[in-house]
Amino acid sequence: MAPNYEVQVLVVGAGPVGLSLAMDLAQRGITVLTAEIRHRGEPPNVKCNHVAARTMEIFRRLGVARALRNTGLPPGYANDVAYRTTVTGMELSRIPIPARQDRYTATGGPDTWWPTPEPPHRINQIYLEPVLFAHAASTPGLTILNRTRIDSFVQDEEGVSATGTDLDTGEAVQVRARYIVGCDGGRSEVRRAIGATLSGTDVVGRVQSTYFRAPELLGLLKHKPAWATFALNPRRSGNVYAIDGRETWLLHNYLTTEETDFESVDRDWAIRQILGVGPDFRYEIISKEDWVGRRLLANRFRDRRAFICGDAAHLWIPMAGYGMNAGIADAMNLSWLLASHLNGWAGEGVLDAYEAERWPITEQVSHFAMNHALALQKQREAVPADIEQLGPEGEALRAACGRALYDLNVQQYCCGGLNFGYFYDHSPIVMYDEEAAPPYTMYDFTPSTVPGCRTPHLWLDDGRSLYDALGPEYTLMRLDPAVDVHPFEEAAHARGFPLEVLDVKASGAVALFGRKLVLSRPDQHVAWRGDALPTDPGALLDMVRGVKSQTTG
Ligand SMILES: Cc1cc2nc3c(=O)[nH]c(=O)nc-3n(C[C@H](O)[C@H](O)[C@H](O)COP(=O)(O)OP(=O)(O)OC[C@H]3O[C@@H](n4cnc5c(N)ncnc54)[C@H](O)[C@@H]3O)c2cc1C
């Protein structure tokens, strides 16, 4: 049967990861079809609340950062994380995070020092996805089929034939593509079809979660509102995210290891204990959002022409707000690799980099997340019985608890290392040198041009972000204009390799970059660096584009 659609890449799933992948592929000139079960504009569950700075950098490149920044909590609503005895009770400590109206100008906070043009953004997934969807729907080359489920696919030498169902008419949908990418979430059928299996820790913790409307709550707060408010008391500990900054809230009630059933704790009782309100307080449940925190990773991310990204490839407890964000990083890694090959300037070998680069990082983040969740669990279990006691003793106790809470949690809410510190150290398409990448923690990192690291960001003398000045594909950054790069440009031209040369003029650039030449990839990671051109520029270019080099020059 002739296919209904023929495209270069079929993306299964239009969640945040699938939409980001599809937009990036289309912007690189690839024809893409994205199939999605949900109706057009149907919001997802109220899950993710944090869009990482690294993700916002990507959204800036895709042209959707401004629209996102203008959406979410009211502009002046504090994005702080507060620790209290109850949501309406006494405050123990607070991690200051700028409101979105101050996001580009605020200084002095634990996440305001990062060298980036796009700081993080606190916005719930229910507001994020419609903005991403609208942007994707207006991207040339990208078709989104809502109410379409992909049921199966087969691979051959040339491509993939997928069969799906139009869920409104029940009719079959046939798609022919060169590659298929499963961005189809935690229950991924594409993962199953490629024979990948999940392993790790099946249950790190259970959370009884409730999305509710309570217009009275803001007025009952004794302290300044916060984006996230954690309540710690001997009766029940949990936390609450402000969703619209007015009347909607998402409350997580962390169950203990003995509470293995979501309904084993009286939901209404727990909500009132966490909020610190009496029986007269009125709220309306919008939905129950109970979830299990896991640490699971697929044993492989690819089978020939089929790949998986995002929750399809890994699932972990969303500590540091890094589930979706890691998935979008997968997508941005895979998209340029696929596009470079489909556009004819990279070999098939370039595709091997996806799993080689992303698997170790996601495995590492999954451990960060789980370890952090376990440390938090210990902190909740250790809440002193008299934490709410009035007077100096109680105050001293609260101050000590507040300090410990701040120290542990600033690492996850201001996770500079997770955003910018990770590096690809076993990639087949990175030309490493003698220097090792600087170590990083969840919180901290050192910008570096060691190959495999994120290209360090700085502001150019002309006021532009370096990232806005980079080309869409590879960019050779030159720190010393006296270095003749013509042989490099000629070798690139001979291979149809898209290269721009950028003279980086910015104070501090020479010291920060440490070399006269730095080659930045389409995903803003360093592929190579040196003080002079390599003796055989063609061989270097062949290496970074996944082609076995045959010629010199
Ligand atoms: C309580 C909670 C809080 C969280 N907080 C954060 C946070 O702050 N930061 C963060 O980064 N992450 C967070 N996460 C994780 C985040 O929500 C997920 O990682 C993210 O949604 C994954 O995106 P995805 O696109 O991979 O998958 P999904 O969002 O699951 O999207 C998959 C899509 O594929 C579609 N689909 C499935 N099968 C098919 C098929 N066969 N055919 C067509 N379409 C299909 C589905 O309808 C769905 O729309 C949180 C998660 C939870 C539970």
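Just so it is clear, none of the values below were taken in a lab; they were calculated from the coordinates. Computed from a prediction, not measured in an experiment: that's the story for all the values here. Backbone-built Cβ (ideal geometry, glycine too); neighbour counts: all protein chains shown.
Over segment 1-160, the alpha carbon radius of gyration divided by the compact-protein estimate 2.2 N^0.38 Å works out to 1.28. When the trypsin sites (Lys or Arg not before Pro) in segment 252-295 are filtered for DSSP coil states and for at most 15 other beta-carbon atoms within 10 Å of their beta-carbon, the remaining sites are ARG282.
Considering every pair of different Cα atoms, what Kirkwood radius, in Å, is found for segment 315-432? Each step should come with its number before you reach the end.
Numbers: mean 1/r = 0.0581 Å⁻¹.
Over segment 315-432, the inverse of the mean reciprocal pair distance is 17.2 Å.
In segment 388-434, Rg over Rh equals 1.44, where Rg is the alpha-carbon radius of gyration and Rh the Kirkwood radius from pairwise Cα distances. Considering segment 153-269 at the alpha-carbon level, its Rg and Dmax are found to be 22.2, 65 Å.
Taking the fewest neighbouring Cβ atoms within 10 Å as the starting point, the ordered list for TYR104, TYR322 is TYR104, TYR322. A protection proxy built from the mean count of other Cβ atoms within 10 Å ranks the segments 122-128, 396-402, most packed first, as 122-128, 396-402.
Applied to segment 208-224, the Karplus parametrisation 6.51 cos²θ - 1.76 cosθ + 1.60 on θ = phi - 60° returns per-residue 3J(HN,Hα) values of 8, 10, 9, 9, 9, 10, 8, x, 6, 4, 3, x, 8, 5, 8, 10, 3 Hz, with x for Gly and Pro.
Across segment 504-519, computed HN-Hα scalar couplings (Karplus, 6.51 cos²θ - 1.76 cosθ + 1.60, θ = phi - 60°) run 8, 10, 7, 5, x, 5, 4, 5, 5, 7, x, 9, 7, 10, 9, 9 Hz from first to last residue, x flagging Gly and Pro. The Cα trace of segment 497-553 gives Rg and Dmax of 12.6, 40 Å, the first to one decimal, the second as a whole number. Backbone phi angles across segment 53-70, fed through the Karplus curve with coefficients 6.51, -1.76 and 1.60 (θ = phi - 60°), yield HN-Hα couplings of 4, 4, 5, 5, 4, 5, 5, 5, 5, 7, x, 10, 5, 5, 4, 5, 4, 8 Hz in residue order; Gly and Pro are listed as x. For the chain, excluding the exposed loop sites themselves (GluC sites (Glu not before Pro), DSSP loop, at most 13 other Cβ atoms within 10 Å), the longest remaining stretch covers 264-433.
Any idea what diffusion coefficient segment 358-406 gets from Stokes-Einstein, in µm²/s, Kirkwood Rh on alpha carbon pairs, 20 °C, 1.002 mPa s? Diffusion coefficient, whole number: 168 µm²/s. Only aspartates and glutamates eight or more places from LYS378 in sequence, or on another chain, were considered; those with a Cα closer than 17 Å are GLU258, GLU259, ASP407.
Normalised size of the chain, defined as Cα radius of gyration per 2.2 N^0.38 Å with N residues, equals 1.01.
Under 5 Å between amide hydrogens, built in the peptide plane, is the criterion, and for ASP290 it picks out SER209 among residues at least 5 positions away or on other chains. State the antiparallel share, in %, of DSSP beta bridges confined to the chain, rounding to the nearest 5. Of all bridge pairs located within the chain, approximately 70 percent are antiparallel. Using Cβ point charges alone (K and R +1, D and E -1), the dipole size of segment 144-192 about the Cα centre works out to roughly 240 debye.
Considering only ILE30, GLY41, LEU460, and ranking their Cα positions along the charge dipole of the chain that arises from unit charges at the beta-carbon of Lys, Arg, Asp and Glu, the one farthest toward the positive end is GLY41.
Peptides 446-453, 531-538 ranked from most to least packed, by the mean per-residue count of other Cβ atoms within 10 Å: 446-453, 531-538. Counting other Cβ atoms within 10 Å as a rough exposure proxy, the listed residues PHE281, PHE301, PHE368, PHE513 run PHE281, PHE368, PHE513, PHE301 from fewest neighbours to most. Ranking THR229, PRO279, PRO96 by how far each Cα lies toward the positive end of the dipole of the chain (charges on Cβ) leaves PRO279 at the top. Computed from the Cβ-Cβ distance with R0 of 30 Å, the FRET efficiency linking ASP290 to THR446 stands at 0.15.
When averaged across all projection directions, what area in nm² does the alpha-carbon convex hull of segment 18-95 cover? Kindly include the intermediate steps, with their values, before the conclusion.
On the way: hull surface 30.4 nm².
Answer in nm², one decimal: 7.6.
Here the chain is treated with +1 on each Lys and Arg Cβ and -1 on each Asp and Glu Cβ, and its dipole about the Cα centre works out to around 780 debye.
Above 23 Å, the calculated P(r) of segment 385-491 contains 54 percent of its Cα-Cα pairs. Calculation over all alpha carbon pairs of segment 275-366 in 5 angstrom steps from 0 returns a P(r) of 2, 12, 20, 17, 12, 10, 7, 6, 5, 4, 3, 2, 1, 0 percent.
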